[in-house]
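The values are calculated or read from the model by the stated rules, or taken from the named source; none is laboratory data. As the structure is a computational prediction, the values presented were derived from the model and not from experiment. FYI the Cβ positions are ideal-geometry reconstructions off the backbone, even for glycines, and counts take in every protein chain you see.
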Amino acid sequence: MRKKILENGMRGLFAVTACVSILAVVLICAFMFINGIPAIQEIGLFDFLGGTKWAPNNTPPSYGILPMIVGSLYITAGAIIVGVPIGLFAAIFMARFCPKRIYRFLKPLVELLAGIPSIVYGFFGMTVLVPFVREHLGGNGNSILTASVLLGIMILPTIIGLSESAIRAVDESYYEGALALGATHERAVMKAVVPAAKSGILASIVLGIGRAIGETMAVIMVAGNNTRITTDILKGIRTLTGNIVMEMGYATDLHRGALIATGVVLFVFILIINLCFSVLNNRKKG
Amino acid sequence: MKKILAIALALVVVCAAFAGCSNGSGNSSTSANNSSSAAQNSSSNSSSSENTANDLGEITVISREDGSGTRTAFIELTGVEADGTDQTYEDAVFVNSTDQVLTQVSENEAAIGYVSLGSLNDTVKAVPVDGVEPTAENVKAGDYKISRPFMIATKGEATGVAADFINFILSQEGQAIVNEEGYIAVDDAATAFESAMPEGTITVGGSSSVGPVMEKLAEAYMAVNTGATIELQVTDSSSGMNGAIDGTLDIGMASRALKDSETAELTGIQIAVDGIAVIVNNANAVEDLSVETIRQIFTGEVTDWSEVQ
């Protein structure tokens, strides 16, 4: 009897803790949309999403976030171009080629990479990458390229970790079958095992995209934060996250609303990415 | 097994630390080289002509984020803002703290930026503006152009809490807070504060640039005189003055000198001065910039150091 009471009590407790996290998500969503939607209505959806001029303190003010949307896409795409090949091959190496002795060092180091605070990455970018790009590639160093390289490094642990476990999860019979058909070790891994882990690898890339698009501190320290659209990767640009964090401290009234609405746009982006992630995950299981 | 791993990791950390140290010394030696070559540059420049033009190439303009008090003051005082439109060069680098401006300028030979005088340090070079060095003395004397007074104003003679609070602001303690916040105190020889302990509530409002320092002053004053409450309303200088004129505010705040129409109705008291230093890299040979040149640089009309006269 007493055992049953205890069991029911604990079950209730766990239910409550689960509810707290759900409540947090619901509250954040509600806050964002309640505060953001009126601002979008006041500015006008088209002017807000399609406007190329962001000058909230001018008279009259303009609130166009298209440069920031483009900026976020540029930098995320750049991070994927830099991070995915390195991360993917590192994962393949760690799962299938790495001697045990090296693996024992490599794994904790990759995990350490994930644990470094983003402000430290930002400081590294500002004092090492920015001068490097300025001296060797031109421009002033605060550029889309610099931010992409830095973010590429930052998403490595996500991609390596998930891809590695996806590759390890592939049934050993794929590898053995390939060997039995006369394939070399390299060939068996590249042509049989890795393609079989495709959906897990894709999921890791999607999660990397999520990390890249949401990153803030490191990016604003190296991206230059210009509110105009450019096609030169040696010039700076501002991301959605950077826009919010740079101006939130001063913003009032409609400016504040516009920043929260920027958060709504970012939120929708992240929702789409998470949706992609769960679709990929489901396909993997099914 | 774990022990070996732990020892190995510790070794890695030690190696990294050593690498960091050697890097550091390497950096310092290269920076020494830089500064010596800069010295050579400047000496050769001065020997060949009076020209301060640099061969540093394209100017990297470092500005602050929209809404920053320093940026608002800077663009107003240099004319970068015209007719309510901020014309800051759109290819400038925008950073969101004074420290980042200092880091960016100290690491980039072609950079130019601006910081509040209180935050200036020797990692960068402050450029004289129109021949005047940006020092606290010159700002206080009114010779340095890119500076502005922080004013408070009352309608008629202040009484009760308002009078006591104004005494506090101008006292030794109040002026010390002004200095701590990075502004320049108007009275270095102020006497210690003695509160008359009046009770009541007053409303102070106006300039958002004066706001932060006023908030600190109000906090410190309310800690001394617990019977008083100060409400702070931050808007802008003009609404602060209008509020003081029509009586909705007991004390108005402005980050500019009072206009004639305002002095007719109000008594203005200067509580602090804010100076903004224009900074360049230590390797930059530029000796002097006019306000007009600064405006051209920050609006992107001049983009190369060779065009700077």
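Miscellaneous remarks
- Note on segment B:82-99: residues that are facing another protein chain (nearest Cβ under 9 Å), without any contact (Cβ under 8 Å) to a residue 12 or more places away in the chain and not in a loop (DSSP other than H, G, I, E, B) total 1.
- Every residue from segment A:253-269 that is within 14 Å of chain B (Cβ to nearest Cβ) and either β-branched (Val, Ile, Thr) or surrounded by fewer than 17 Cβ atoms within 10 Å (Cβ to Cβ) (or both): A:Asp253, A:Leu254, A:Arg256, A:Thr262
To keep it simple, each residue is scored yes or no on (1) surrounded by fewer than 18 Cβ atoms within 10 Å (Cβ to Cβ); (2) modelled with pLDDT under 85; (3) part of a loop (DSSP other than H, G, I, E, B).
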| residue | (1), (2), (3) |
| --- | --- |
| B:Ile245 | yes, no, no |
| B:Thr248 | yes, no, yes |
| B:Ala257 | yes, yes, yes |
| B:Gln270 | yes, no, no |
| B:Val273 | no, no, no |
| B:Ile279 | no, no, no |
| B:Asn284 | no, no, yes |
| B:Ile294 | no, no, no |
| B:Gln309 | yes, yes, yes |
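- Residue within segment B:132-151 that is over 20 Å from B:Val234 (Cβ atoms), at the interface with chain A (Cβ under 10 Å from one of its Cβ atoms), in a strand (DSSP E or B) and touching a residue at least 12 places away in the same chain (Cβ under 8 Å) present: no
- Answer from B:Ala136, B:Ala141 - the residue that is surrounded by fewer than 20 Cβ atoms within 10 Å (Cβ to Cβ), under 15 Å from the mean Cα position of the chain (by Cα) and of a type in the set (A, V, I, L, M): B:Ala136
- From the options A:Asn274, A:Asn226, residue that is surrounded by fewer than 19 Cβ atoms within 10 Å (Cβ to Cβ) and in contact (Cβ under 8 Å) with a residue 40 or more places away in the chain: A:Asn274
- Unique match (being more than 14 Å from chain B (Cβ to nearest Cβ), of a type in the set (S, T, N, Q) and under 17 Å from the mean Cα position of the chain (by Cα)) among A:Ser199, A:Ser204: A:Ser204
- Checking each residue in segment B:107-116 for being more than 10 Å from chain A (Cβ to nearest Cβ) and either in a loop (DSSP other than H, G, I, E, B) or not aliphatic (A, V, I, L, M) (or both) picks out B:Gly113, B:Tyr114, B:Ser116.
- Wholly within segment A:1-106, helices (runs of 4 or more DSSP H) carrying at least 1 residues that are of a type in the set (Val, Ile, Thr): A:2-43, A:66-92
- Residues located in segment A:105-146, provided they are buried (at least 21 other Cβ atoms within 10 Å of the Cβ) and more than 12 Å from every other protein chain (Cβ to nearest Cβ): A:Tyr121, A:Ile144, A:Leu145
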